[in-house]
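Enquirer: One structure follows; several queries about it will come next.
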């Protein structure tokens, strides 16, 4: 077993071998000492013949020859000295190398015997990934979906890259927004519960947050028309400002200074902070409703967390570090008693870290929470998955961590992502603006159902099996469509487009996998001798294209982890599935020209299926056995 493992380790590194042979060649031909890792090597572009391309321009100065001549000399040297290289061609300053068929055959057959191909050995490093982090006044929504899928995919990719991973979220379970939903339930519910109303529990609570806003708007409109409201308008409105624009901008001031509902909500928050038994009891009851709803949504999405943090526990953290930072002149205090940090030398501004009354701001607790997490977990890296509207906040936080000389400061990363919209701007929502995650998941499953019914498929399975398959297809459509886009780009999610079997979609990849599963099932039923694959020679280009793609999988995982970018995996899986479909269309498997070719193509199919399943699993996508 040790010998097989070593052989596989050597054969996987064809790129390293080529780089080393190029280094030997330029030393032999031009007396040039060149670092192996600096040899520029890429996969040959599809329009040219070859597997790998060497850039020869860096050798022109030492060789004192034209790039085309250098390419010819290097190509001849490599073919003569390297049994793994069978041919070459030169296009200007680019040397295209063709890898010998025997190498690709042996590589594929070794690969077919491996379990968990692409998964890297443990590297001894720990990474924490924070994602989702919702508020307990409303259900998870469309924005959370992208956050969750990015966070989950990154956590799986980091595990595949050899890291120990801790998945976490901080639940924003306190504050004025939470009190709004509590107050609305208290005033308007007449004791209703999720059970009595037969409503999913987080949706139930979210409806009261909406109810508070509706009642507040009624109150605000009445005040605007009142003598007091008009007096404020007359006193405060700027000349060029319309009445509508003024009252829209004045909303928060009204809430804080005049609103009866606002006063009640703020009084409830103060009681919560004073540990009032009744308020804390209501808070716990409603939060528990929300947590039950969240857990159901997370289960449907196939995600979970290793460690939970709650803002109700962390909101007082950080003050001791601010105090120490004041002594060390990292922070400074203004005359009103507020504490700030000057970040102008880092091309930022002055940032408030403690209010004049000594109360925390979000930055205060983020400082304290980050340090607490490190003390508890000793992670090497900490990744915050948060939308790009918080870019500046995290830039400031990370700079503060460096100035506080925290040992984990250099391992902090903000996985910033753009917003996700729908073609219509909304699909189904409580307010016409927020799309609930549960509604969106149900919608994509229904789109999968329509597709199956249009095609007349799945008629031979039981109703229960059909529902399982439809859920897998629908969730693959949603997840793949979201993660295939680079996180930093804003995107539009189209439910109908996401299930297209001919597009760059999750179901397209699933269908390729199902096709492979059918091929392997038939091979097993027919009792074919796969050992004949060892004698297969003269591979077709469609076969070597697939094997070359398979060889890139471990590197793709490393690149995705390095760039915090699951779209690297998603697009790799799509390209691999597309290449397999071309292979399947162009070349016969069971009617191939020889038993050796049949066996080899079956091994190739099986291995592609394994890698597709592995890659999609890193994205949280399940593969059905049939569609």
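Enquirer: Suppose we keep just the alpha-carbon trace of the stretch 2-99; what are its Rg and Dmax in angstrom?
Expert: Both quantities, over Cα of the stretch 2-99: 13.4, 46 Å.
Enquirer: Then there's this: How high is the relative contact order of the stretch 2-99? Use alpha-carbon pairs under 8 Å, at least six apart in sequence, and give a whole percent.
Expert: Once normalised by length, the contact order is 24 percent.
Enquirer: Roughly how tilted is helix 595-618, in degrees to the nearest 10 and between 0 and 90, from the longest Cα axis of the chain?
Expert: Helix 595-618 sits roughly 20 degrees off the main axis of the chain.
Enquirer: Assuming 0.36 nm per residue, please report the length gained on full extension of the stretch residue 468 to residue 555 beyond their Cα-Cα distance.
Expert: Full-extension gain reported as 28.0 nm.
Enquirer: Between residue 375 and residue 45, what length comes free when the chain is fully extended (0.36 nm per residue of separation minus the Cα-Cα distance, one decimal in nm)?
Expert: So the extension gain works out to 113.9 nm.
Enquirer: For a protection proxy built on the mean count of beta-carbon atoms within 10 angstrom, sort 239-246, 87-94, 395-402 highest first, please.
Expert: Highest mean packing first, the order is 395-402, 87-94, 239-246.
Enquirer: Using only Cα atoms, what Kirkwood radius does the stretch 328-431 have, in angstroms?
Expert: Hydrodynamic radius (Kirkwood, Cα only) of the stretch 328-431 equals 15.7 Å.
Enquirer: Relative to the first principal axis of the alpha-carbon coordinates of the chain, what is the inclination of helix 506-526, with its axis defined by its Cα atoms, in degrees from 0 to 90 and to the nearest 10?
Expert: 40 degrees
Enquirer: Another question about this same structure. Could you order peptides 31-37, 553-559 by the average number of other Cβ atoms within 10 Å of their residues, highest first?
Expert: 553-559, 31-37
Enquirer: Calculate the FRET efficiency for residue 453 and residue 328 from the Cβ-Cβ distance with a Förster distance of 60 Å, rounded to the nearest 0.05. Write out the running numbers ahead of the final one.
Expert: Working: r = 68 Å, r/R0 = 1.13.
Rounded to the nearest 0.05, the efficiency is 0.35.
Enquirer: Kindly give Rg over Rh for the stretch 217-270, based on alpha-carbon atoms, with the Kirkwood expression for the hydrodynamic radius. Intermediate values should be presented prior to the final figure.
Expert: Details: Rg = 11.8 Å, Rh = 11.7 Å.
Rounded to two decimals, Rg/Rh equals 1.01.
Enquirer: Sorted from fewest to most neighbouring beta carbons within 10 Å, what does the list 547, 621 look like?
Expert: Arranged by neighbour count, lowest to highest, 547, 621 become 547, 621.
Enquirer: When ranked by the protection proxy of mean other Cβ atoms within 10 Å per residue, highest first, what sequence do the peptides 203-212, 361-370 form?
Expert: 203-212, 361-370
Enquirer: Next question. Okay, helix-only estimate at 222 nm for the chain: each DSSP H run of n ≥ 4 adds -39500 (n - 2.57), divide by all residues, round to 500 deg cm²/dmol; what do you get?
Expert: Values: 26 runs with 356 residues, N = 627.
Helices in the chain give a 222 nm mean residue ellipticity of -18000 deg cm²/dmol.
Enquirer: Can you give me the Rg/Rh ratio for the chain, using Cα atoms for both radii and the Kirkwood formula for Rh?
Expert: 1.06
Enquirer: Starting from the Cα of residue 285, step 7 Å along the direction of its Cβ; do the same at residue 64; then give the gap between the two resulting points in nm.
Expert: About 9.2 nm, to one decimal.
Enquirer: Arrange the following residues from fewest to most other Cβ atoms within 10 Å of their Cβ: 584, 340, 283.
Expert: 340, 584, 283
Enquirer: Another question, if that's okay. So what's the angle, to the nearest 10 degrees on a 0 to 90 scale, between helix 541-551 and the longest Cα principal axis of the chain?
Expert: 50 degrees
A short reminder: the numbers here are calculations on the coordinates, not readings from a lab. None of these values were measured; they are calculated from a predicted model. Heads up, the Cβs are rebuilt from the backbone with ideal geometry, glycines too, and the neighbour counts pull from every protein chain shown.
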